[in-house]
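Below: the structure, in structure tokens.
No value in this document is a laboratory result; all are computed from the given coordinates. Small disclaimer: the values here were computed from a predicted structure and weren't measured. Positions of Cβ are backbone-derived with ideal geometry, glycine not excepted, and every protein chain shown enters the neighbour counts.
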Amino acid sequence: MLPLLVVLSGCGADSPWPRLWLPGETDTTNQTEKITNIWVGSWIAAMAVGVLVWGLIIWCVIAYRRRRGDTGLPDQIRYHIPLEIMYTIIPLMMIGVLFYYTAQYQSEINDTSATPDVHVNVIGKQWSWDINYPDADVYEVGLQTELDGTPAPEAEIPNIYLPVGKRVEFILQARDVIHSFWVPAFLYKMDNIPGVTNRFQVVPQKEGTYIGKCTELCGEYHSEMLFNVKVVSQSEFDAHMAELKAKGNVGQLESGLSRSDTRPGGGAVPGNTQTLEPASGSNE
Ligand SMILES: [Cu+2]
């Protein structure tokens, strides 16, 4: 299996086959190649075991089938110690290799010790996302899906802007229940938990628009809790920060606000728009 993983890491990224239909591309972020390798390597290891087991089953069925003139049962073998040791040791070794790569990649991917270039604070709420950009001190309110279930128009799904090639630290929080921040093309997700601050870092490597979803069943309109990630050039990123500033979205939306506090225009809770005033101090 070890050589397989090494060989696979050299597989081309052009066709979907070497990636076994994972979303995005192998170089979408600085992490996607590792995740692709362990996904494809695990499948190849599983297929190799599967083919061996199916082959042995079919061979036994054919070679040891009941023949004309056979009477009674064949000789019964019990307590074949070498065989039992073999089928205990080999699976342990296979699990050991999978565990080694999973643990190693996981600790590399979850490492937040590097100094990020940009922070993005994403706060999940039923049923949208509020976005703070602490470095530029601006924010964006996600449009909450209306309670009649009308989906938010595509144009109003919140957009999270990221500068390409820069190390981004996501700071994930929640206003009400557990949500989960998932950008399928990044091959990574992490939960937004009330009262907890989760972080991960990623370097987006390709400009483009990537769909994002909530991936923790969080209530009635969970499926409408959508967002886009726009990976853009540094100048476009700066322009977006300036645009938010020009709109008056200056300050940070505290994680302690309720979901109705951040409903644009007050929504179902009229009179709460004043809580959109910037929170004092850091929200970290
Ligand atoms: Cu959710």
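Observations on the model:
- Computed 3J(HN,Hα) for the stretch 187-198, one whole-Hz value per residue from the Karplus formula 6.51 cos²θ - 1.76 cosθ + 1.60 where θ = phi - 60°, is 6, 8, 8, 8, 6, 9, 10, x, x, 10, 10, 9, glycine and proline marked x.
- Proximity of backbone amide H atoms, modeled 1.01 Å from N, is registered between Y188 and V183 at under 5 Å, excluding neighbours fewer than 5 places apart on the same chain.
- Spacing of the two label points (7 Å from each Cα toward its C-beta) at L52 and N228, in nm: 4.8 nm
- For M93 and W21, the difference between the fully extended length at 0.36 nm per residue and the C-alpha to C-alpha distance is 23.2 nm.
- Residue exposure proxy: M47, M94, ordered by other Cβ atoms within 10 angstrom of their Cβ from fewest to most, comes out as M47, M94.
- Counting neighbouring Cβ atoms within 10 Å and putting the fewest first, the residues E156, E169, E236 line up as E156, E236, E169.
- Remark: D176, D130 ranked as D176, D130, counting other beta-carbon atoms within 10 Å and listing the fewest first.
- Taking a Cβ cut-off of under 10 Å around T115, the surrounding Lys, Arg, Asp and Glu residues balance to a net charge of -1, with basic ones at +1 and acidic ones at -1.
- Stretched out straight at 0.36 nm per residue, the stretch from E156 to Y64 would grow longer than its current Cα-Cα span by 26.5 nm.
- Net +/- balance of residues flanking H240 in space, Cβ distance below 14 Å, scoring K and R +1, D and E -1: -3
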